[in-house]
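Contents: one structure, followed by commentary.
Each value in this text was obtained by applying a stated rule to the coordinates, not by laboratory testing. In this text the structure is predicted, and so the values were computed from the model without any measurement. Backbone-built Cβ (ideal geometry, glycine too); neighbour counts: all protein chains shown.
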Amino acid sequence: MKNKRIDTTRLLSLICFCLIILLWCLASYSGSVSEIFLPTPTAVVEKIIAMAKDGSLWANCWESISRVMIGWLWSVVVALPMGMLMANSKKFSAFVQPIIEFARYLPVVALVPLTLLYLGIGENQKYTIIFLGTFFQLVLMVCDTVSGVDRNMINAARTLGASKFQVYKEVILPASLPGLMDDLRLTIGWAWTYLVVAEMVAANNGLGYMILKSQRYLATDTIFAGLILIGLIGLITDWVFRILTRLVAPWYERLADGK
Amino acid sequence: MRDDVMLRVEGLNKVFDSGNRRVEALSDVSLEIRKSEFVMIVGPSGCGKTTLINIISGLESATSGSVLLDGRQVSGPGADRGMVFQGYSLFPWLTVQKNVEFGLKMKGLPTGERRDIAARYIELVGLKGFENALPKQLSGGMKQRVAIARTLANEPEILLMDEPFGALDAQTRVVMQELLADISRRTNTTILFITHDIDEAVLLGDRVYVMSRRPGRIREVLTVDLPEPRNHHCLVMAEFQQIKSHIMEMLWQESSDAAMDK
């Protein structure tokens, strides 16, 4: 029963993909949309193969992936302990919450000029943009996840003789693990958005730069190739995170994938 | 007889103060539980029963009054007062075995000893063979069995139970009540059990404290003298019916008084 359900969901997802590609084929091969606006699927695939052959595909992907990872990891390293502390200490929370809420509403794009002024056009500027884009959201998400742990479990642990530290280590941390994995999965997605912002402003490699440069030469096929690559990397990241969540918290039942 | 008292609650008051709203939850509650005794507290919903047991467990603090365990004043939760909750409170990432071992691990007992003690209590609640199951694979009744084993494995001086069978279906509830009566007889555990179910109170208790509506106070203490072992056969006995109708009368009065107030 369960397998059948999964098969139909997979099939539906596949059908949606196929429909979009079909529409793309119809619009481009029939010539009803000019090739300058919409390249044919063959042109895009050929472009990707060509880039893979001359090595620029790997170089650009690698640049972008390493920027996302470094900027995002920085944000994770700071946000995890800070969010946990906020969930645990009303005083600390009162101290940092207002500034985090304020910063959260600043569009990162509006901070680009300042980062350029302070940090120049080097790698640090890109990490900073990604950090700023994800950090403030992640802190609040971590805080929410950690403070959302079922009160019953915490009370049970306390009446079983667990100290405050033991409650944290043995109950709150394992209980929030699946939620934290979800938070990480969501923010790494946003990190990709901010990476492209950073690379479009000042960079000489990476997928964002590749897309921006192609615009100048009206190389729509390269733009499409870049977009497809970013989407694919996103899908793979999401998939990896889902598998990781299942590995670190096999006991976890997601409400959405019920029976 | 007096030095036999395990838990003594004296003049307990609890007032919830939230800005302009002041709710008196408990008013001058006193009670005594002797060693190995099975004591029930029965009262209408919202009478402050859960607040009372939370104060005894140390999860909440009283506005005034004291809770003495073995003559010592208690403050804050501790392993000497084990508690079984109404909602499922098992740790979903731990197997049945590890759940039962939890308190022992907190105490720092070595692995081998932990395993032996846990195995004994898992058998006591009839879950032998389910040691490696995760909570999500168990039914509601089985989950509460694990919760009972987990609390007992810690060997608390008193077992506090807050409507532990409230979420179970009627048949499972009777099975669990018989299991608990049997455990109480075999292990001589001191038990304080809170419920709004009169049948449950009379079936299980050596003594029953009846509470009034809010602010909760003790209206009466009854001694239940039913033959052992306590099981579903007791439910049809004349003595059982007599005590039951007495408590029903009292609680009915409480709720009609409450209705008149409005």
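Applying 1/(1 + (r/R0)^6) with R0 = 41 Å to the Cβ-Cβ distance of A:Phe92 and B:Ala133, what FRET efficiency is obtained, to the nearest 0.05? Working shown, then result.
On the way: r = 39 Å, r/R0 = 0.96.
Computed FRET efficiency for A:Phe92 and B:Ala133 comes out at 0.55.
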Exercise. With everything on Cα atoms, drop me the angle between helix B:238-261 and the longest principal axis of chain B, reported from 0 to 90° to the nearest 10.
Key: 60 degrees
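Restricting to chain B, compute how many DSSP beta bridges are antiparallel as a %, nearest 5. Mind showing how you got there, number by number?
Working: 22 of 41 bridges.
Taking every DSSP beta bridge within chain B, about 55 percent pair in antiparallel fashion.
Normalised by the residues of region B:65-220, what does the relative contact order come to in percent, with Cα pairs under 8 Å and at least six apart? Intermediate results must be reported in sequence, preceding the final value.
On the way: 201 pairs, mean separation 39.1, N = 156.
The value is 25 percent.
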Exercise. Pick out which of B:Ala133, B:Ala149, B:Ala118 has the largest mean-square fluctuation in a Gaussian network model of chain B, springs linking Cα atoms closer than 10 Å.
Key: B:Ala133
Quiz item: For chain A, modelled as a Gaussian network with Cα springs under 10 Å, which listed residue fluctuates most, A:Ile121, A:Ile243, A:Ile70?
Solution: A:Ile243
Exercise. May I ask for the net charge around A:Met84, where only other residues with Cβ less than 13 Å from the Cβ of A:Met84 are counted and Lys, Arg are +1 while Asp, Glu are -1?
Key: -1
Exercise. Note the direction-averaged projected area, equal to a quarter of the hull surface, for the Cα convex hull of chain A, in nm².
Key: 18.1 nm²
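Taking Cα pairs under 8 Å and at least six residues apart, what relative contact order does chain B come out at, in percent? Walk me through the numbers on the way to the answer.
On the way: 497 pairs, mean separation 65.0, N = 262.
Across chain B, relative contact order equals 25 percent.
Which entries in the list A:Lys90/A:Lys164; B:Lys49/B:Lys128; A:Lys90/B:Lys105; B:Lys49/B:Lys244; A:Lys90/B:Lys136 go over 27 Å, if you measure between the two C-alpha atoms of each? Could the numbers behind the result be given before it?
Values: A:Lys90/A:Lys164 16 Å; B:Lys49/B:Lys128 33 Å; A:Lys90/B:Lys105 30 Å; B:Lys49/B:Lys244 19 Å; A:Lys90/B:Lys136 33 Å.
Among A:Lys90/A:Lys164; B:Lys49/B:Lys128; A:Lys90/B:Lys105; B:Lys49/B:Lys244; A:Lys90/B:Lys136, the Cα-Cα distance tops 27 Å for B:Lys49/B:Lys128; A:Lys90/B:Lys105; A:Lys90/B:Lys136.
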Quiz item: Relative to the longest principal Cα axis of chain A, at what angle does helix A:207-216 sit, 0 to 90 degrees, rounded to 10?
Solution: 30 degrees
Exercise. May I ask you to compute the full-extension gain from A:Asn124 to A:Leu26, defined as 0.36 nm times their residue separation minus their alpha-carbon distance, rounded to one decimal in nm?
Key: 30.9 nm
Quiz prompt | Rule-of-thumb Rg ratio for the protein assembly as shown [Cα; 2.2 N^0.38 Å; N residues] | solution = 1.33
Quiz item: Over the protein assembly as shown, what is the percentage of antiparallel beta bridges among all DSSP beta bridges, to the nearest 5?
Solution: 55 percent
Quiz item: With axes computed from alpha carbons, what is the tilt in degrees of helix A:56-88 against the longest principal axis of chain A, rounded to the nearest 10 within 0 to 90?
Solution: 20 degrees
Exercise. Give the cross-link partners of A:Lys126 among the aspartates and glutamates, using a straight C-alpha distance below 14 Å as the criterion and excluding same-chain residues fewer than 8 apart.
Key: A:Glu63, A:Glu199
Quiz prompt | Percent RCO, i.e. relative contact order, over chain A, from Cα pairs under 8 Å lying at least 6 residues apart | solution = 25 percent
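In square nanometres, what is the average projected area of the Cα convex hull of chain B? Please report the intermediate quantities before stating the final value.
Numbers: hull surface 61.3 nm².
Here the figure is 15.3 nm², rounded to one decimal.
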